[in-house]
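Quick notes on the structure that follows.
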Amino acid sequence: MQAIMSDLLSLQTLLALVAGTFGGLVVGGLPGLSATMGMSLLIPITYTMDTVPSMVMLAAVYCSAVYGGSFSAILIHTPGTPASAATAIDGYQLTKQGKGLQALGVSTTASVIGGVVSGVALLLIAPQLVKVALMFSAPEYFLIAVFGLTIVGGLSGNNLLKGLVSAGFGLIIGMVGMNIFPYARYSFGNLNLQGGIQLVPAMIGLFSLPQVLTLAESRVNKKNREEQKKIQESIQEQIARAGKMKGHFWPTPAELKPLLPTILKASILGIGVGILPGAGGDIGSWVGYNSAKNGSKNKELFGKGSLEGIAGSEAGNNAVCGGALIPALTLGIPGSGAAAVFLGALTVQGFSSGTNLFSKYADMTYSILVGFIAANILMGIMGWLLSRYAVRFAALPNGILIPVITSLSVIGSYAIRNNVFDVYVMLFFGVIGYCMKKFDFPAAPTVLALILGPMAERNLITSIQMCKGSILVYYFTRPICVFFMILIVVTLLAPVIQKRRREAV
Amino acid sequence: MKKILGIALGAVMVMNLTACSGGGAGAPAASTAAQAAQAQSGTAEKDGDQSTDSGYPVDKVTLLCPSDAGGAMDQNCRMMAPYLEKHLGVPVEVTNMGGSACWIGWSYLYNEAPKDGSCISFANFPNMITGYLDTANTTGLDNTSFQFLEMLTSDTNIIVAAEGEDRFTDLESLLEYARDNVVTVADAGARTDDAVCVAQLEKASGVTFQHVHFENTAGGMAAIQGRQVDLLVCNVSEAVEPVESGAITGIGIIDRERSSFLPELQCSGDLGYEISCSSSRGFICAHGMDEQAKALVCEALEAAMNDPELQSAAETAGINLAPMNEAEFTGWVTAQNDAIREIFGMLD
């Protein structure tokens with residue numbers, strides 16, 4: 001306990017916590033910049049830092065960016081991150097009714113509760129899960145990876161087919177280089193490709209560069225000058241209005257009481273969504289929003305300014321953060337794109353997920369987890385202090401954003417192993433990611449497939465080597481394997497059965 | 001507003017630069033550029049610097065670590081660097097260049113790095129040998145491309161089983177059992193010292209095992225503790241603590257002599273097998289490096305290995321120093337090269 005506190009209360013960790021929380025709010029408040037991207041840009045800065053401060057900083061950016069997205073969603077009807085899309089519906093209506101500050105207060109309260117609940121769940125579930133991790137070996141990991149792949153495509157976008165194509169692309173990329181047997185595939189004789197595509201540069205490319213290119217598109221030119229001017233003016237006007245908001249921020253106990261069940265329900269759902277590979281904050285917020293709507297006595301208010309809707313959506317998306325870190329830290333399977341970045345940074349620090357994190361390096365791990373909970377509380381306080389100003393981040397000029405993000409992307413890719421080739425990898429994936437964005441293909445399935453594909457292959461081969469005799473008997477005599485096989489079959493068949501039923505009715 | 005943002009932008013840029021210089025410890029490309037610049041600036045400056053004091057032909061040495069920062073190889077390099085610097089008289093800087101099982105770094109050492117004595121590298125064995133013996137290796141390099149300066153450390157291979165294993169208790173009973181039963185043995189990868197060790201034992205004893213390749217020793221260690229495999233091959237340094245705490249059972253050492261760390265364990269030499277398997281690491285340079293520089297580096301490395309400060313640092317870090325000078329090291333590589341060539345087909 002003492003070691004955890006001393007790790008956590010070191011100057012570097014505290015600074016990292018504050019900087020991460022503030023940075024997260026900025027990234028979240030900027031429409032278009034997501035938590036995943038903010039985190040991937042910070043990886044190069046973490047190289048020189050100690051493990052605890054760097055991971056606490058990333059965790060803080062993660063949760064406060066997801067929260068920060070609600071500011072622009074509520075005040076200017078533009079979700080700061082995809083995770084706040086559901087919040088924008090009711091939040092902006094409330095702003096128009098002059099209840100913007102109240103809406104922000106509810107969103108803050110719900111985010112903090114959702115985040116803290118998920119942090120506690122992480123603290124309680126992860127060490128238990130890791131205890132049974134010794135029962136997990138190659139066959140189980142193979143099936144978990146396959147399970148992750150079966151749901152990754154469907155859950156991560158509006159279009160199932162596009163999600164599957166993205167995941168398929170990730171699988172192909174994952175085949176480059178050597179797997180368990182040291183025979184390089186698709187390396188075209190290039191030494192750099194023999195070791196496979198490096199995950200971190202690929203992630204930076206897929207998450208950051210497309211955003212820069214999209215921002216660069218909105219350059220003011222002769223044709224759209226008037227239009228751009230109008231947009232700028234309306235944003236300025238809304239920001240000015242936000243500065244003059246009246247009312248109280250924190251909900252009173254009487255106001256909070258009817259919202260609490262909604263918040264807790266959405267938090268638990270959010271944790272579940274977080275644990276599933278591939279489903280991130282955006283899904284979490286919609287699940288939370290829908291559960292709030294279904295459980296509400298005032299359904300007619302939804303869409304016209306419901307505080308319950310905001311509470312459900314914001315508790316849901318922040319609960320995803322802690323949930324997504326559970327499988328990442330215990331089994332090495334990230335629950336969301338942002339958790340994949342977190343895992344990547346942890347690997348750069350020289351740690352791999354699993355038993356060691358909760359035994360040999362338990363002090364360090366618990367410091368990070370407690371830091372995560374602290375970040376969730378700090379973001380509420382900071383949000384309260386900044387409530388009238390945070391929306392200004394939305395007006396940060398592109399002339400500053402674009403060069404900063406681009407230079408961070410290039411430096412980050414290079415610094416990981418001092419290899420220019422990784423910069424080319426980043427640029428390649430940046431261009432691919434831009435095309436994917438243009439044609440509405442989600443990037444998260446690609447990254448998850450890039451992790452899960454090689455993992456599935458490696459563990460399938462290892463399990464074949466481990467079994468003495470029939471591989472089928474080997475798999476079917478392992479209870480956890482049978483459980484996951486049933487899960488995979490159910491996941492694959494569920495949509496078909498649902499469709500049949502609907503047709504029968 | 002714009003001014004404030006401008007300052008913030010500047011701050012971010014500065015952060016970038018510090019992150020870069022600290023983490024990377026300077027890129028090889030950057031250091032060669034610096035040297036080129038220095039060469040252009042004339043001899044006047046050169047007279048004043050350290051190179052004349054130490055007699056070393058260049059004023060800075062890059063110690064290339066061909067794997068990523070934070071790993072065991074990186075720790076070895078960073079442990080040695082200050083002592084090499086002390087005995088060589090010029091600054092020594094560790095640079096990480098990981099990728100493709102070290103071949104990105106070694107290929108850079110041979111093909112691109114200056115051969116004036118300003119770049120030497122670290123290497124791990126038998127991984128380097130299994131790497132170039134592989135027909136899939138496109139670098140075209142082999143043991144004749146490098147010169148082997150000084151061995152740093154050697155970590156003998158050990159075979160361990162799960163806690164409470166009763167089918168076999170030592171090397172002899174294990175081999176007896178494995179003659180009639182399928183025995184799975186985990187290693188840390190198909191081209192690692194662990195896999196080489198299993199293959200050497202198979203060749204010497206005539207027994208075959210079912211190889212299970214994990215990604216690293218941690219994966220194999222979890223598998224043996226969860227009783228997913230029958231055996232694990234790893235290194236003594238990795239096994240001493242779990243064997244002593246009873247988490248796993250030691251079976252035998254694959255060496256001509258017993259290990260001083262776990263003296264109660266049978267060794268393959270006890271059974272009359274003339275095999276010795278280990279994970280060994282040492283310092284190398286590209287073939288054709290400046291002879292005068294090479295001689296000075298060898299001398300400094302040997303002096304560093306005899307430095308009591310390094311010896312106590314190594315003991316604290318649990319690193320088993322195994323000095324070998326240039327002649328011994330070169331002979332050892334040749335012998336390993338021949339031995340591994342014979343068992344190469346048995347690695348997968």
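Coordinate-derived values only; no laboratory data. Here the structure is a predicted model, which means the values were calculated and not measured. Glycine gets a Cβ as well: all are built from the backbone with ideal geometry, and neighbour counts include every protein chain shown.
Quick look at the numbers
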| read-out | value |
| --- | --- |
| Per-residue Cβ neighbour rank within 10 angstrom, fewest leading, B:PHE122, A:PHE188 | A:PHE188, B:PHE122 |
| Computed magnitude of the charge dipole of the protein assembly as shown (debye, nearest 20; Cβ of K, R +1, Cβ of D, E -1) | 6260 debye |
| Options B:VAL182, B:THR169, B:THR153, ranked by Cα towards positive dipole end of the range B:127-190, top entry (Cβ charges) | B:THR153 |
| Surface/4 of the Cα convex hull for the range B:155-271, nm² | 6.2 nm² |
| Between the range A:237-281 and the range A:1-75, the alpha-carbon center distance in angstrom | 20 Å |
| Sites A:LYS244 and A:ILE400 - FRET efficiency at Förster radius 41 Å, r taken between beta-carbons, to 0.05 | 0.95 |
| Two-decimal ratio, the protein assembly as shown, of alpha-carbon radius of gyration to 2.2 N^0.38 Å | 1.02 |
| Amide H contacts under 5 Å for A:PHE181, placed H, 5+ residues apart | none |
| Summed residue charge, Cβ within 13 Å of B:GLN210's Cβ, Lys/Arg positive, Asp/Glu negative | -3 |
| Rel. contact order, % - alpha carbon contacts under 8 angstrom, at least six apart, chain A | 28 percent |
| Long-range amide H partners of B:ASP155 with built H, under 5 Å | B:SER279, B:SER280 |
| Nearest 10 degrees, 0 to 90: helix A:225-243 Cα axis against chain A principal axis | 70 degrees |
| Long-range HN-HN contacts of B:ASN96 with modeled amide H, under 5 Å | B:CYS65 |
| Charge sum, other residues only, whose C-beta stays under 15 Å from A:LEU9's C-beta, Lys/Arg counted +1 and Asp/Glu -1 | -3 |
| Neighbour-count ranking [beta-carbon atoms within 10 angstrom, fewest first] of B:CYS197, B:CYS102 | B:CYS102, B:CYS197 |
| When each of A:LYS246/A:LYS297; A:LYS304/A:LYS499; A:LYS162/A:LYS438; A:LYS162/A:LYS293; A:LYS244/A:LYS297 is checked by Cα-Cα distance, pairs over 24 Å | A:LYS246/A:LYS297; A:LYS304/A:LYS499; A:LYS162/A:LYS293; A:LYS244/A:LYS297 |
| Expected 222 nm ellipticity per residue - DSSP helices of 4 or more, -39500 (n - 2.57), all of the protein assembly as shown, to 500 | -21000 deg cm²/dmol |
| Total formal charge among the other residues, if their Cβ is under 14 angstrom from that of A:LEU171, Lys/Arg +1 and Asp/Glu -1 | +1 |
| The range A:410-425 - phi-based ³J(HN,Hα) in whole Hz, Karplus 6.51/-1.76/1.60, Gly and Pro as x | 5, 5, x, 5, 6, 5, 5, 9, 6, 10, 5, 4, 5, 5, 5, 4 |
| Phi-based couplings in Hz for the range B:112-118 (Karplus 6.51, -1.76, 1.60; Gly and Pro marked x) | 10, 5, x, 9, 8, x, 8 |
| Whole-Å distance, taken between Cα centres, linking the range B:115-193 and the range A:490-505 | 53 Å |
| Under 15 Å from A:LYS360, Cα to Cα: aspartates and glutamates that are on another chain or at least 8 residues apart | B:GLU238, B:GLU241 |
| Footprinting exposure proxy for B:THR316, A:THR21, B:THR62, A:THR214 (fewest neighbouring C-beta atoms within 10 Å first) | B:THR316, A:THR214, B:THR62, A:THR21 |
| The range A:275-358 - Rg (one decimal) and Dmax (whole number), Cα, Å | 16.3, 53 |
| Principal-axis tilt of helix A:362-386 within chain A, Cα atoms, nearest 10 degrees | 20 degrees |
| Set of lysines with alpha-carbon distance to A:LYS468 below 25 Å, sequence-local pairs under 8 removed | B:LYS203 |
| Rounded FRET efficiency, nearest 0.05, which uses the C-beta distance separating A:LEU134 from B:THR144 and R0 of 51 Å | 0.65 |
| Charge dipole magnitude, Cβ of K and R +1, D and E -1 - chain A, Cα centre, debye nearest 20 | 1000 debye |
| Dipole magnitude of the range B:155-271 about its Cα centre (Cβ charges: Lys, Arg +1; Asp, Glu -1), debye to nearest 20 | 300 debye |
